[in-house]
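What follows is a single structure, written as structure tokens, with notes after it.
The values are calculated or read from the model by the stated rules, or taken from the named source; none is laboratory data. Just so you know, these numbers come straight off a predicted model, no measurement behind them. Positions of Cβ are backbone-derived with ideal geometry, glycine not excepted, and every protein chain shown enters the neighbour counts. What goes into the accessible areas is simple: the full protein's heavy atoms, side chains included, and nothing from ligands, DNA or RNA. Shrake-Rupley method; radii C 1.70, N 1.55, O 1.52, S 1.80 Å.
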Amino acid sequence: CTNSVDRAKLNEDLISAAEKLHNVEFSFDVALKRADLDKGTLELENKLTKETFKANADLIVGCDGAYSAVRNSLMRFVRLDFEQGYIPHGYCELSIPPKIGANGEPEFAMDPEHLHIWPRHKFMMIALPNPDKSFTVTLFMPFANFEMIHNEQDLLKFFEEYFTDAIALMGKDLLITEYFKNPKGSLVMIRGMNCGFEDVRVLDGILSEFNVKATHDEHDTSLEKALQAYTDRRAKDLKAICELALYNYTEMRHGVTSPVYLMRKKVESWLHLLVPSKVIPLYTMVSFSNRPYSEAYARHHSQGFWLGVAGATVGLGTAAGLVLAGFKQRRQLGEVRDLMKAAFVTAASSVQKLIQ
């Protein structure tokens, strides 16, 4: 089951847990201006008073996001290749409130056991359930589309054309309020938080593996070895997750509308049930296992060959069955021709992928 978690509440819970540790100290409304990595010195600024001050550290971990000030400082000290690319798509968060049930209690407005997707080829909308019986809704689409919506009339016209059923679930007033209130964010990393949590798990495991202590002397090289091991092991996974994020976005907004895609996924599900250790769906590997992203991506491509074989077999078998059905029920021959066409398209596509 895939659930949505409110980020503000998650941050509060993590801070509350960390506050219980005697060696953790929090400083809010403080921004890093620059870091002298040779000396281990941080220049910080209080965002409220604009006062600057310095702090020293043996280890600086930059967890300050896509526009990292730590990384900018690091690039001044080492030969570091860095590239940040944007896609022409953004996102806006909306919501579906709970409905009131017959007993007067709040209920989910849709089935909470599923990820809900409204795929529209070039854009999409998804909804994930929350513990309070609401749904977090995210509208992903090109900025060009966002820029075409100037007022309430434009917004309602757009939703009536592409997401008619969602209007009743959201309510016009809430839709209008949230759309124009909430920011339109850029898509730098689609699975940023999930990847961030895995970064922590991997780093923690490596620090334990190299027996890194909270304090160490100048002759102790365990920390240096651990950080080098993290770089060697994790870099390829971070590259892979960028590829996976874009693949997943294209799959969700466009792929799920294709009969070829749906047949392939059905075959994959069957094979996973029959041989779960041999065929594992990509989403399962990424979201519900500790398998490294690079390994999951490589396995996904290697499985593609056999899925192509299976897809071609199923597609051709379906086509043959439809031919027989056509001969038996000639009055439905027109419908059969249409179904045969779809089946042969599926089979041809599978064979093409197999050959590639």
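Here are the numbers:
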| read-out | value |
| --- | --- |
| From phi via Karplus (6.51, -1.76, 1.60), per-residue ³J(HN,Hα) for the range 172-177 in Hz, x at Gly/Pro | 4, 5, 5, 4, 5, 4 |
| Segment Lys172-Asp217, extension gain: residue separation times 0.36 nm, minus the distance between their alpha carbons | 9.9 nm |
| Per residue, in Å², the accessible surface of the range 78-219 once ligands and nucleic acids are set aside, probe 1.4 Å | 61 |
| Extension gain, Ser277 back to Asn46 (0.36 nm per residue minus Cα-Cα distance, nm) | 77.9 nm |
| Student exercise, the range 115-218 dipole from Lys, Arg, Asp, Glu Cβ charges, in Debye to nearest 20 | 320 |
| Interchain or long-range residues, amide H under 5 Å from Phe163's placed H | none |
| Accessible surface, 1.4 Å probe, highest first, among residues Cys92, Cys63 | Cys63, Cys92 |
| Entries of Lys50/Lys133; Lys47/Lys122; Lys225/Lys278; Lys9/Lys50; Lys54/Lys236 with Cα pairs more than 30 Å apart | Lys50/Lys133; Lys47/Lys122; Lys225/Lys278; Lys54/Lys236 |
| Apportionment of accessible area to carbon and sulfur, the range 1-79, percent (1.4 Å) | 49 |
| Under-5 Å amide H pairs with Val30, H placed in peptide plane, nonlocal only | Lys47 |
| Cα-centre dipole for the range 1-99 with unit charges at Cβ (Lys and Arg positive, Asp and Glu negative), debye to 20 | 160 |
| Whole-Hz couplings from phi, Karplus 6.51/-1.76/1.60, listed for the range 6-16; x for Gly and Pro | 5, 5, 4, 5, 4, 4, 4, 5, 5, 5, 4 |
| Of all accessible heavy-atom area on the range 89-220, the percent that carbon and sulfur account for (1.4 Å) | 54 |
| Accessible surface, 1.4 Å probe, highest first, among residues His300, His254, His22 | His22, His254, His300 |
| Amide hydrogen neighbours beyond the local backbone of Gly90, cut-off 5 Å, H modeled | Met141, Phe143 |
| Distance from the range 213-258 to the range 12-86 (C-alpha centre basis), Å | 19 |
| Carbon + sulfur, % of accessible area of the range 238-291 - ligands and nucleic acids excluded, 1.4 Å | 66 |
| Backbone HN-Hα couplings from phi across the range 17-32 [Karplus 6.51/-1.76/1.60, Hz, Gly and Pro as x] | 5, 5, 4, 6, 8, 5, 9, 10, 10, 9, 10, 9, 6, 10, 10, 7 |
